[in-house]
1. Got a number for carbon plus sulfur as a percent of the chain's accessible area, 1.4 Å probe?
2. Gap in Å between the Cα centre of the stretch 116-188 and the Cα centre of the stretch 28-88?
3. For the stretch 1-80, take the alpha-carbon Rg, divide it by the Kirkwood Rh, and send me Rg/Rh.
4. Can you tell me the alpha carbon radius of gyration of the chain divided by the globular rule-of-thumb value 2.2 N^0.38 Å?
5. Solvent-accessible area per residue for the chain at a 1.4 Å probe radius, Å²?
6. Once you put a point 7 Å from the Cα of R27 and another 7 Å from the Cα of T155, both along the Cβ direction, what distance in nm separates them?
7. Please state the charge dipole magnitude for the chain, taken about the Cα centre, from unit charges on C-beta atoms (+1 on K and R, -1 on D and E), reported in debye and rounded to the nearest 20.
8. At a threshold of 8 angstrom on Cα-Cα distance, excluding pairs fewer than six apart, so keeping six or more, what relative contact order does the stretch 118-188 reach in percent?
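The values are calculated or read from the model by the stated rules, or taken from the named source; none is laboratory data. These figures come from a predicted structure and were not determined experimentally. In this analysis, Cβ positions are derived from the backbone assuming ideal geometry, glycine residues included, and neighbour counts consider all displayed protein chains. The protein model used for the area step is the full one, side chains on, heavy atoms only, and it has no ligands, DNA or RNA in it. Shrake-Rupley method; radii C 1.70, N 1.55, O 1.52, S 1.80 Å.
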Amino acid sequence: MAQSTSTFLEELKNAARGCFALLTGDRQAPTWFDFSQRGLIGSLIATTIAIALAGFGPVLIGVPLPAGAATQSIVVNAVLFAAQAATGFLALRQMGRQDGFVPYLVASNWVTLASAVLLLLSTLLGPLGVVILALVVILALATFINIGRFIVTLTPLQIGILFVSQAVGVFLALAVVAILFVPPAPAV
């Protein structure tokens, strides 16, 4: 486990190393993350930054968005984060692995920030950004599997169960958000 760092910037640097280690399949990946209460809070700050980047990042780099799009993005991403965390907790509890929830959440939160930065870069590249989008999907799957393997130490079956539970949770959360954000019917 990473030692308690003195600044958020140091924690960010270590977490970036941890994310890279997850991508490369390095079994030492857990050593870069801080799984203490302070580390959990730091990772929640990282997720908050990621959600803000998803909402306001395009505007900051000069991409015009329709009115309310940034706020809608933030709400949707916050709901998806809550669904992911809740289903992760429930699945790990059912497996008797509640001890893995905080490490899972910490590593996942830092991967979320890295993904948000890559997705913002894809916006800058215009049509070529689709390549980065595809890369982010592949990297997200690889890091999810390696978080299960190296951070939480789950079996392949348990990783599959965690994945399916989160997919269902996110799908249900998206359905709820879609119902809440139904655009008004056009006037006839």
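1. The value for the chain is 75 percent carbon and sulfur by accessible area.
2. That distance is 12 Å.
3. Expressed as Rg/Rh, it is 1.09.
4. Here the answer is 1.08, to two decimals.
5. 55 Å²
6. Taking the simple label geometry, R27 and T155 are separated by 1.9 nm.
7. 200 debye
8. About 14 percent, as a whole number.
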